[in-house]
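Just below is one structure, and these are the notes that go with it.
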Amino acid sequence: MTKKRETLNDLINLGLINPGTEIEMISLSGNPVKATIMPNGDIRLPTGERFKSPSSAARFLRNGVSTNGWKTWRLTSNALQIGTLRSMYFSG
């Protein structure tokens, strides 16, 4: 049996993150990059690119370097990793 991977949309459905929430990560150049969580759980960058997962957005910003986006992206409001929110409600 394949285990379902939790998504940002799951966190939205649980009421843990609201659509429009701003998140940020540090780019390879050391500058913060902000993004917005869309109603369907996509991540939208300021340049308009949209990604289905935190890791794919982080990998794009880091020029293809494999990156765990759940550990990289943080809520702008309180610097909490989005992965911390996920692990509070999903085990494993």
Fill in the blank from the handout: Given (1) outside any helix (DSSP H, G or I); (2) more than 16 Å from Asn9 (Cα to Cα); (3) modelled with pLDDT of 95 or more, Asn40 misses just (2)
Completion exercise
Only one of (1) part of a loop (DSSP other than H, G, I, E, B); (2) surrounded by 10 or more Cβ atoms within 10 Å (Cβ to Cβ) does not apply to Glu24, and that is (1)
Exercise for the section: Go through the range 11-36 and give me each residue that's in contact with a helix residue (DSSP H, G or I) (Cβ under 8 Å, 6 or more places away or on another chain) and farther than 18 Å from Thr67 by Cα. Expected result: Leu11, Leu14, Leu16, Ile17, Asn18, Pro19
Handout entry: Residues satisfying the stated conditions in the range 40-87, i.e. aliphatic (A, V, I, L, M) and in contact (Cβ under 8 Å) with a residue 12 or more places away in the chain
Key = Ile43, Leu45, Ala57, Ala58, Leu61, Val65, Leu75, Ile82, Leu85
Practice task
Can you confirm whether the range 77-87 contains a residue that is touching a Ser or Thr at 6+ places or on another chain (Cβ under 7 Å) and hydrophobic (A, V, I, L, M, F, W, C)?
Solution key: no
Exercise for the section: Please enumerate the residues belonging to the range 10-39 that are out of contact with any strand residue (DSSP E or B) (no Cβ under 9 Å at 6 or more places or on another chain) and free of Cβ contacts under 8 Å to residues at least 60 places away in the same chain. Expected result: Asn13, Gly15, Leu28, Ser29, Gly30, Asn31, Pro39
Handout entry: Identity of the residue in the range 46-74, β-branched (Val, Ile, Thr) and surrounded by 15 or more Cβ atoms within 10 Å (Cβ to Cβ), that ends up farthest from the chain's Cα centre (by Cα)
Key = Thr67
Completion exercise
Residues of the range 56-86 being of a type in the set (A, V, I, L, M), under 26 Å from Gly15 (Cα atoms) and part of a helix (DSSP H, G or I), in sequence order, are Ala57, Ala58, Ile82, Leu85
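The values are calculated or read from the model by the stated rules, or taken from the named source; none is laboratory data. Fair warning: this is a prediction, and the values are worked out from it, not measured in the lab. We place every Cβ from the backbone using ideal geometry, glycine too, and count neighbours over all the protein chains shown.
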